[in-house]
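**Student:** Questions regarding the structure given below will be posed in turn.
Every read-out reported here was derived from the displayed coordinates using simple, explicitly stated rules and does not represent laboratory data. The shown structure was predicted, so the numbers you read here are calculated from the model rather than taken from an experiment. All Cβ positions, even for glycine, are placed from backbone atoms using ideal geometry, and neighbour counts span all protein chains on display.
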Amino acid sequence: MADLLVAYDRHLSLRGYSPATAAQYLSDAKGFLRALGKKVTTCTADDVRAFLTQNKGTRHRWESATRARKLAGLRNFFGFIEEAGHIQKNPCAGIKAPRVPIKEQLCLSEEEVQMLKKTWEEDGSLQGQMIRCAVAMLYYLGLRVSELVAVDLGHITGGSPGSLTVQGKGGKVRVLPLENAFLAEAIRPWLAFRRKTRMRSQALFVNLATKERLSVRTVQRRVARIGQEAGLGVRLSPHMLRRSFATHLLNQGVDLFTIAGLLGHARLDVTQRYAKVLPKRRKEALKLLP
């Protein structure tokens with residue numbers, strides 16, 4: 001067992017995980033092996049489920065976010081064992097991540113996202129196309145509003161569907177594939193208009209009256225207005241769309257560390273630590289949104 005953990009620790013280091021993430025993954029693996037009580041190569045999905053719910057009903061029970069994080073860690077650990085040829089199938093593969101409850105005012109339900117989409121599709125005006133594109137990018141890519149308003153025409157590259165290069169906090173750059181079909185459809189008409197319209201500003205989103213880059217405050221106001229028109233019952237904000245993006249991916253079973261890479265986070269202090277992931281996994285994750 002000790003040799004396996006040493007090899008796993010080396011594996012995490014070689015894969016480029018941050019020290020904090022590697023330590024968390026290793027800790028999850030050690031805790032599971034201590035509780036397992038048998039050879040890890042004989043582990044089943046039921047053993048994993050039993051571990052995740054071992055203190056259910058006690059005052060020391062793990063919250064949904066903790067169980068989701070531990071499941072993500074174990075999925076990674078058994079992925080390493082499977083890759084090494086010690087097992088034929090990852091026992092975590094069929095286990096759905098627990099639903100993580102978030103206060104209603106901080107996160108939209110998937111049904112509310114559908115209400116929002118219906119509303120923004122009804123406005124076919126030029127400004128309507130711009131707002132549809134902006135809201136779609138906030139939700140389907142999980143962008144910060146500051147990142148959204150900083151997008152230039154040249155940041156969207158490639159053919160169909162293409163990709164978006166985003167510079168986040170601390171100057172960290174991430175490339176997001178525009179994989180979701182609804183997102184690509186929302187971007188297409190506005191992007192075509194901006195590329196054929198000569199303006200001094202290279203911003204993707206501009207004030208149609210002044211031809212200047214949209215401000216954060218303007219985006220916040222327009223997002224709130226479209227939320228009101230959709231009848232959501234809460235004041236919609238760009239950050240709420242970003243949080244909804246992460247939560248809905250989590251509910252779809254995407255691991256927390258993949259979501260972190262998409263959001264441009266090194267860590268999420270309240271519930272879990274994040275790490276960068278391969279572009280292929282980001283690409284697959286973005287196809288899951290409704």
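**Student:** Taking GluC sites (Glu not before Pro) as exposed when DSSP calls them loop (any state but H, G, I, E, B) and at most 16 other Cβ atoms lie within 10 Å, what is the longest stretch of the chain free of them, the sites themselves excluded?
**Tutor:** So the longest stretch without any such site is 123-211.
**Student:** On to the next question. Contour minus end-to-end for Arg200 and Glu229, with contour as 0.36 nm per residue of separation and end-to-end as the Cα-Cα distance?
**Tutor:** That pair, Arg200 and Glu229, stretches by 7.2 nm at full extension.
**Student:** Cut-off is 10 Å between beta-carbons; in what order do Tyr25, Tyr8 appear when sorted fewest neighbours first?
**Tutor:** Tyr8, Tyr25
**Student:** If neighbour count is taken as other Cβ atoms inside 10 Å, put Asp255, Asp152, Asp46 in order from fewest to most.
**Tutor:** With the fewest neighbours first, Asp255, Asp152, Asp46 line up as Asp46, Asp152, Asp255.
**Student:** Apply the Karplus curve 6.51 cos²θ - 1.76 cosθ + 1.60, θ = phi - 60°, to the phi angles in the stretch 219-224 and return the couplings in whole Hz, x for Gly and Pro.
**Tutor:** Residue by residue, the stretch 219-224 yields 4, 4, 5, 6, 5, 4 Hz.
**Student:** How far apart, in nanometres, would the label points at Thr58 and Leu36 be if each is projected 7 angstrom from Cα along the Cα-to-Cβ direction?
**Tutor:** Result: 2.1 nm between the two label points.
**Student:** With runs of 4+ DSSP H residues as the only contributors, calculate the mean residue ellipticity of the chain at 222 nm using -39,500 (n - 2.57) per run, divided by the residue total and rounded to the nearest 500.
**Tutor:** The helix contribution divided over the chain gives -16500 deg cm²/dmol.
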